[in-house]
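Nothing in this text is a laboratory measurement; each read-out follows from the coordinates by a stated rule. The structure displayed is predicted, hence computed values, not measured ones. Every residue, glycine as well, gets a Cβ built from its backbone with ideal geometry; the counts of neighbours run over all protein chains shown.
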Amino acid sequence: MRYALFVVVTVALVGLYCWVLWRVLPPLRSEPAALLLLPMTWIATIVSIALYPVIRRNRRRSRHAIALYVGFVVSAILYGCYLWIVIPHGTAGMIPLALVAAHLYGLPLYFAVFVAQRLMGGRLFTRSNEGRAVT
């Protein structure tokens, strides 16, 4: 249950943020949803599924932030690879471009996900036998 909640919260925040960027940023307004919204939602799903066990083991905020940042960078790299494949005449230069764009436009999202996960920390990361009386 906690695993699913972690994935749902992360993917919902990423999807909502990408939708807002898609609607607000002038260069993205005329682009189809398949350019930003759909691939980032799928990438966020895959990365959050892989990231939950790592974050769950790391109870300290600094390790949680580092693990989440690594997931953020991996997501940007995967998105750059997606762009390289999808855009006609795309090059490997799409990967650093995606990394730069992620840091320019995605850092508020990173902080929003981090804060949401920290606020929901008790629900997302506690062990199943914590808080129960021992008989």
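Overview of results
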item: Nearest-ten-degree value, helix 61-86 long axis tilted from longest Cα axis of the chain; result: 30 degrees
item: Peptides 69-79, 29-39, 103-113 ordered by average Cβ neighbours within 10 Å, highest first; result: 69-79, 103-113, 29-39
item: Vicinal HN-Hα couplings computed from phi for the range 16-21 (Karplus, 6.51 cos²θ - 1.76 cosθ + 1.60; Hz; Gly/Pro x); result: 5, 5, 5, 5, 4, 4
item: Shape call, the chain: gyration tensor on alpha carbons, a/c limit 1.5; result: prolate
item: Label-to-label distance, nm, for residues given as Ile46 and Phe114 (7 Å Cα→Cβ offset); result: 2.5 nm
item: Relative contact order [Cα under 8 Å, 6+ residues apart], the chain, whole percent; result: 26 percent
item: The range 16-90 - convex hull of alpha carbons, volume per residue in Å³; result: 96 Å³
item: Assigned charges on the beta-carbon of Lys, Arg, Asp, Glu; the chain dipole about Cα centre (debye); result: 760 debye
item: Label point at Ile85 placed 7 Å out along Cα→Cβ; residues across the range 25-54 whose backbone nitrogen lies under 19 Å; result: 32-50
